[in-house]
Amino acid sequence: MDSDRKFLFYVIFLLFSIVLVGFWSVCAGQVKLPLSSIIDVFLGKGNSLIRTIVLDIRLPRFLLSASVGGMLALSGLSLQTLFRNPLVDPYFLGVSSAAEFGVTVAILMGVNASVFGISFASLFAFVSALCLIFLLIRISSSLGVESSKAAIVLIGIAISYVFSAANNLIALYKKDLFLQTTFWSMKGFNNVSISQFYFSFPFLVIGFLILFANAKKMNIYLSSDLTAHSLGIDIKKFTVLMLTVSALLTSVSVVVSGTIVFVGLFIPHIGRLLVGDERKKLVVITVLLGLFLLPLFDLVSRTVLPGQEIPVNTIVSAIGAPFFLYLFLRRKNGIH
Amino acid sequence: MEYIKVANLSFSYGGERDVIKNFSLEINKNGLYVLMGENGSGKTTLLKILIKYINGYRGSVKILGKDLKEFSLKEISREIAFLESEIPEIPLKVREVLSWGRFPYGEDEFKKEYLIGALNLSNVMEKKFSSLSSGERKRVLLGRIFVQRSKIVLIDEPFNFLDPRYKIEIADMLKILSRKRIVLIATHNLNAARYLGEIIFLLKGGELKGVLSKDDVFSLDAIADIFGIKDSMKKEFLKFYNIEQY
């Protein structure tokens, strides 16, 4: 099968799978619903209890987990491209510890309100992550082309340590606060409201469009800075673009669902195994895989044990970590 | 027309000693030109200045009669094709790498297919670039330069990492390339410079030490000076390169 037809096949297959997982997510759970009653709800019929379960609980949960999966997958892909390193993940730049710090501050200040369904804690997290992004971009663009990427990594790591230190220090004095922050960062897709989906989805769409439009540049950039420059690509602008897209998508996903591990690392890898490194295809496949896999993991997490929910991170780690090890060993053995 | 005109160019990295010193050069017609000097003599820096990868030089640089500073990055990438000395690891198909020659001005399929045939690349088109040997990769990268069709071509150390067979093939491609373009090569490879260069610029410590044309008799002392060869080693130098006399 030639590569274009293979690509088309995967796109259709994944779209179909996403819809399937969507229906399955809405049907499965404590209260099992038959497909016919779901269709009734979508047609405006059905009783109010079923309507509430479908429209206020399960559907928002599916939509949000899908959009977070897509965002983290794209975020990972753009960072892996920027650093030309497939072992980079979205939290590499310290976005999650910045967000946690924001939450800590919000809880410390005792603000407990919410706007449009987004809590103040989340907004603080978002602002804190935005500050980190801004700082990274400012510093990286003030440096020369050759040193900027190493600087971004070092600064990201340094800042995330500073944030964790601040978090730990506060936790030392206010133990309950530490628990609250930790719960916040592990919240996953519990108590999801549709407004979180409305908040995050535009970011996913814009991020996807930006990466798709820049796919050719991403391809060329894979060669080297010097070659890409000689073909007319402004490396500084490109770096800022990739950094902004990635950090913004990660921040939004942390704000709506806390830290979800491994998804951003290994989904682009699966995409690469399926369609290769060509970025136009890879961007499409990666976002579709994100939209498909995270809701699937979430579905497993809340249905595998009857009457009990396992944190989605546990499911993702249980599947993701061995996969990561497999990739790493494969790379070390040179079968890359 | 002055295709490349460099006058009194000086450059230093971060205010340290000058790696290019009061350098001048003029190229007015198509052909193969060589910048020859030892490693660290400023060859690569000079090429990086010409493609605007490095800024902040003193002196003047004109490309096609226009000041380099007036070119945008996009414009200069259309006029000047550049090949670095490293052979990058690119995990993409050869077809994709060749298409970069037309970036960002859109593809030109007919011409590309014709070139692929002429350069004998048709059997590797669907292969991954990073799965090819160094020699084949270099051929693909040069193929990209053909697709690019710019007036000026700069190539840094075209013969590094290559087997003799590919050295000859690449040299042949460079000769064809230079019929309709200005090809400026930076190299420390004495044999290649003598074999290819119509005009050879001798570079040492960032300074232009002399200009030789193809028919000039090379003076042993001048060449030995360029490469920092001591008097006691000159005899060995001649033997190593199997030269009777310059």
Exercise. Of all the residues that make up segment B:113-141, how many are open to solvent by less than 40 Å² (accessible area, probe 1.4 Å) and either within 21 Å of A:Gly276 (Cα to Cα) or not in a helix (DSSP H, G or I) (or both)?
Worked result: 10
Exercise. Within the set of pairs 6+ apart or on separate chains, which have a first residue in segment A:214-233 that is over 14 Å from B:Leu98 (Cα atoms) and within 7 Å of chain B (Cβ to nearest Cβ), a second that is assigned to a helix (DSSP H, G or I) and open to solvent by less than 20 Å² (accessible area, probe 1.4 Å), and C-beta atoms under 6 Å apart?
Worked result: A:His229/A:Ile235; A:Gly232/B:Ser77
Seminar exercise, completed: Of the conditions (1) more than 21 Å from B:Thr44 (Cβ to Cβ); (2) more than 15 Å from the chain's Cα centre (by Cα); (3) of a type in the set (D, E, K, R); (4) at pLDDT 90 or above, the single one that B:Lys175 does not satisfy is (2)
Seminar exercise, completed: Given the conditions (1) surrounded by fewer than 20 Cβ atoms within 10 Å (Cβ to Cβ); (2) without any contact (Cβ under 8 Å) to a residue 40 or more places away in the chain; (3) β-branched (Val, Ile, Thr), every one holds for B:Ile27 apart from (2)
For this session: Out of the residues in segment A:85-99 that are of a type in the set (S, T, N, Q) and assigned to a helix (DSSP H, G or I), state the one that is farthest from A:Leu249 (Cα to Cα).
Result: A:Ser97
Exercise. Of the residues that make up segment A:163-171, is at least one part of a loop (DSSP other than H, G, I, E, B) and in contact with a helix residue (DSSP H, G or I) (Cβ under 7 Å, 6 or more places away or on another chain)?
Worked result: no
For this session: Identify all residues within segment B:56-77 that are basic (Lys, Arg) and within 11 Å of chain A (Cβ to nearest Cβ); write none if there are none.
Result: B:Lys74
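Of the residues that sit in segment B:34-68 and are aliphatic (A, V, I, L, M) and either in a strand (DSSP E or B) or in contact with an Asp or Glu (Cβ under 8 Å, 6 or more places away or on another chain) (or both), which one is most open to solvent (accessible area, probe 1.4 Å)?
B:Leu64
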Problem set entry | Count of residues meeting criterion [touching a helix residue (DSSP H, G or I) at 6+ places or on another chain (Cβ under 9 Å), open to solvent by 20 Å² or more (accessible area, probe 1.4 Å) and not acidic (Asp, Glu)] in segment B:147-165 | 5
Seminar exercise, completed: Flagged in segment B:78-105 as more than 8 Å from every other protein chain (Cβ to nearest Cβ), surrounded by fewer than 20 Cβ atoms within 10 Å (Cβ to Cβ) and not in a helix (DSSP H, G or I), in numbering order, are B:Ser85, B:Glu89, B:Tyr105
For this session: Check whether at least one residue in segment A:237-260 is buried (at least 22 other Cβ atoms within 10 Å of the Cβ), more than 26 Å from A:Ser128 (Cα to Cα) and either modelled with pLDDT under 90 or within 14 Å of chain B (Cβ to nearest Cβ) (or both), and report yes or no.
Result: no
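The values are calculated or read from the model by the stated rules, or taken from the named source; none is laboratory data. Remember, it's a predicted structure, so these values are computed and weren't measured experimentally. FYI the Cβ positions are ideal-geometry reconstructions off the backbone, even for glycines, and counts take in every protein chain you see. Note: accessible area is taken over every heavy atom of the protein model, side chains too, but ligands, DNA and RNA are not part of it. Shrake-Rupley method; radii C 1.70, N 1.55, O 1.52, S 1.80 Å.
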